[in-house]
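The values are calculated or read from the model by the stated rules, or taken from the named source; none is laboratory data. It should be emphasised that the depicted structure is a prediction, and the values quoted were computed from it without experimental measurement. Here the Cβ positions follow ideal geometry from the backbone for every residue, glycine too, while neighbour counts run over all protein chains shown.
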């Protein structure tokens, strides 16, 4: 079966809000927006310190492969979570996508900066796949954008992650950060198509 044409692809290294605090951690994110109305997201977390990924707090009962038991849940960002933000160019409207390693997920719609947050209904739940090695975790997800995303419109984009470390608590990773505190909702940190 032929793979649909890609309309937009972005792969980047994510930066910690505290750039000097985590020299043994590298986080990357990739987004593929397809012509067929699907969004694909991939995140890699590489931890080269002696403990490897054992320092990363993850949900219990994880297994490698498709996380078929995932459910819609709020406040996934309070622990290890991969996120993406997509926005309509020329509009204040944007969406937040949260993906947990166990397949739990949430998608929210906003009318403007942190304003009028509503759960976004999806035609089907995201497909989340997890792979783990001693020093690395990879999360791949695929989710439908139709019918709520307009066909043929490339999104503005922010790829982000929250890592919950046993030794340091929550830390925040993004393509770029605002100056004062971690805030993934700032449109000034989104990439333009």
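What the table shows:
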| quantity | calculated |
| --- | --- |
| Matching residues, segment 19-53, being over 19 Å from the mean Cα position of the chain (by Cα) and in contact (Cβ under 8 Å) with a residue 24 or more places away in the chain | 21, 22, 24, 35, 36, 48, 49, 52 |
| Residue in segment 60-68 that is within 16 Å of residue 103 (Cβ to Cβ) and free of Cβ contacts under 8 Å to residues at least 12 places away in the same chain present | yes |
| Pick from segment 123-143, criterion surrounded by fewer than 16 Cβ atoms within 10 Å (Cβ to Cβ) and over 14 Å from residue 103 (Cα atoms), ranking: modelled with the lowest pLDDT | 134 |
| Out of 176, 166, sole residue that is over 17 Å from residue 40 (Cα atoms), in contact with a strand residue (DSSP E or B) (Cβ under 9 Å, 6 or more places away or on another chain) and exposed (fewer than 13 other Cβ atoms within 10 Å of the Cβ) | 166 |
| So residue 75, is it modelled with pLDDT of 95 or more, under 28 Å from residue 49 (Cα atoms) and within 17 Å of the chain's Cα centre (by Cα) | no |
| Residue count, segment 95-146 (criterion: assigned to a loop (DSSP other than H, G, I, E, B), closer than 16 Å to residue 161 by Cβ and in contact with a helix residue (DSSP H, G or I) (Cβ under 7 Å, 6 or more places away or on another chain)) | 2 |
